[in-house]
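Following: one structure in structure tokens, then a few remarks.
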Amino acid sequence: MRININRNSDTPVYLQIKNQIRDMIISGELPSGYVLPSERSLCGQLNVNRTTVVKAYLELKSDGLAEGHVGKGTIVTAKPFKGRFNNIRQFNPIPWYQFFSESLDLGDNHIISDIMDINCTEDIISFSGGFPAPELYPLEDFERIQEKLFRTCGRQLLLHSPVEGLQSLRAGISSLMKSRNADVSTKDVMIVSGSQQALDYIARVFIKPGDTVILEEPSFFGAIQIFRSAGAKVIGVPVDSQGMKTDILESLIQRYKPKFIYTLPTFQNPSGIVMSLERRYELLDLSYKYHIPIVEDDPYSDLRYAGKALPSLKALDPYEHVIYLSTFSKALSLGLRVGWVVAPQQVIRKFAYLKQMTDMHVNTPGQYILSEFLSQGCYDKHLSKILKDYSKKRDLMNDALKSCKIPGVFCEKPEGGFYIWCRLPEYITNNRLVSKAAEKGVVYLPGEIFYPDGTQGENFMRLNFTFTDTGKIAEGIKRLMNALTEVAAMNSANTRDISYSRRPIV
């Protein structure tokens, strides 16, 4: 199998590899069942890094031309074209980009999907995803509850449920919110397919092109993408150890007159910072003063390993200025896709209208299972179990990071949540480190994606400690430190006079 790489071409190298292999498959030169060279072998043959070959093979798999088999490698699965369309090169492919809506023209940044694709490859240790540990999913409780429900409810589990959500689950969440010191009525709760769907509804209900949204800087990249896709101008407010800097926020409110302020005040994603009680009151005061809604995203507050719990903004808000979002995806399972919104009735009605138009309701069996899970006290029992495990994983990762011998690397140990947020010296940037780390067999999320303007964060990285097996955390950090060391060595000649000191997370 011969592949020619044109280093001067505008076509990315991984696509050159993919396209040439594709042509050989379609022509019949590479028959079905042919085992492609291993990733290591091909990257050595072509003098490219392993990530490039991994991406090329992933493209072939997504096109249905190859499959990966553990222990066997990547195998050709497609058959050559025959008959009328044998010579497929006579047709030009549809230029799909000409048909796409401009609302989704967000720079075509594939860095997140590329990293998630690499997650699926063999021997990769992943610190990139915001995932709970699969081995801690409460399978026994779910199986027991599901068996009971099918026995007692039967076909009812497979019928439609109300658009706003199952009444018993909404009541259970109302009780859960009251345990968090937020006096929430069942009628103010709506069940959604994860809090990500709630963010989409918020964007569609409140934002029109040209509006401004203010959020923390850094902030959850999913929210940044959703607000931008709705046509919003997204403005960031710096954070310090106390959370969003409200003194800066007021001047931005006066200047931009935002539609709403989006915040993750508890174990913020990605920084892990907890907004202080004083800042929470200051933020609410600004909301009241300028009559601006606050969207509080709270997926991590139950995942506290140290420190004292603070009331949510929703719990502190007597005037219904706060729209509150949360989810079971982080504490229980991503696959459930069950979250909730707490909002005034006028807002809930708008969201329900959108849900009826899009997916009707959240899956009925999942709602019944979670309703029983809450009512039987399983949620609190499950939390006590995962908090011990995640606290241990956090400590393991933090201790491993302390072994870093490179001056200027500073990582803050969080009191809760999923992530450790690390600052790197200025001469180490993610454009080199991400690919070098992938070569070493470890992936993480680079800081740039968490900043609205995309020009900051190149010296930051977010590391997830909950997903990876406990026994692999130290090895993963070792691989990352090796990558850091090599990237630092590449730049050592240019950094001899730089002095280093610890800096606060900003």
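The values are calculated or read from the model by the stated rules, or taken from the named source; none is laboratory data. Fair warning: this is a prediction, and the values are worked out from it, not measured in the lab. All Cβ positions, glycine included, derive from the backbone under ideal geometry; neighbour counts span all protein chains shown.
Do we have any residue at all in segment 135-151 that's assigned to a helix (DSSP H, G or I), within 20 Å of A315 (Cα to Cα) and modelled with pLDDT under 95? Within segment 135-151, not a single residue is assigned to a helix (DSSP H, G or I), within 20 Å of A315 (Cα to Cα) and modelled with pLDDT under 95. Tell me yes or no: at least one residue of segment 239-252 is assigned by TED's automatic domain parsing to the domain that holds Y288, among the polar types (S, T, N, Q) and closer than 19 Å to E296 by Cβ. Yes: one or more hits. Among residues of segment 402-440 being surrounded by fewer than 19 Cβ atoms within 10 Å (Cβ to Cβ), modelled with pLDDT of 90 or more and part of a helix (DSSP H, G or I), the one that is farthest from the chain's Cα centre (by Cα) is K402. Checked against (1) among the basic types (K, R); (2) free of Cβ contacts under 8 Å to residues at least 40 places away in the same chain; (3) under 25 Å from V342 (Cβ atoms), R151 meets all criteria but (3).
Filtered by the rule that a residue be buried (at least 18 other Cβ atoms within 10 Å of the Cβ) and in a loop (DSSP other than H, G, I, E, B), segment 194-244 gives G194, I207, D211, P218, S219, F220, A230, A232.
The residues of segment 10-47 that are small (G, A, S) and either outside the structural domain of G73 (by TED's automatic domain parsing) or under 16 Å from K61 (Cβ atoms) (or both), listed by number, are S32, G33, S38. Screening R204 against (1) modelled with pLDDT under 95; (2) out of contact with any Lys or Arg (no Cβ under 8 Å at 6 or more places or on another chain) leaves a single unmet condition, (1). Contact annotation: residue pairs with Cβ atoms under 7 Å, 6 or more positions apart or on different chains, pairing a residue in segment 464-490 that is outside the structural domain of Y300 (by TED's automatic domain parsing) and surrounded by 15 or more Cβ atoms within 10 Å (Cβ to Cβ) with a partner that is of a type in the set (V, I, T) and in a helix (DSSP H, G or I), are F465/I473. Would you mind stating whether K388 is touching a helix residue (DSSP H, G or I) at 6+ places or on another chain (Cβ under 8 Å), in the same structural domain as T468 (by TED's automatic domain parsing) and within 24 Å of S301 (Cα to Cα)? So K388 fails the test.
Within segment 316-328, residues that are aromatic (F, W, Y) and at pLDDT 95 or above reach partners that are crowded, with 20+ Cβ neighbours inside 10 Å and not in a strand (DSSP E or B) with beta carbons closer than 6 Å, at six or more positions or on different chains, in the pairs Y324/K314; F328/L336; F328/V338.
Tell me, yes or no, whether segment 270-285 has at least one residue that is crowded, with 20+ Cβ neighbours inside 10 Å and touching an Asp or Glu at 6+ places or on another chain (Cβ under 7 Å). For segment 270-285, residues crowded, with 20+ Cβ neighbours inside 10 Å and touching an Asp or Glu at 6+ places or on another chain (Cβ under 7 Å): present. Cβ separations smaller than 6 Å between residues 6+ apart or across chains give the following pairs from segment 408-424 residues that are in contact (Cβ under 8 Å) with a residue 40 or more places away in the chain to residues that are surrounded by 20 or more Cβ atoms within 10 Å (Cβ to Cβ) and among the hydroxyl-bearing types (S, T, Y): G417/Y300; F418/T466; W421/S271.
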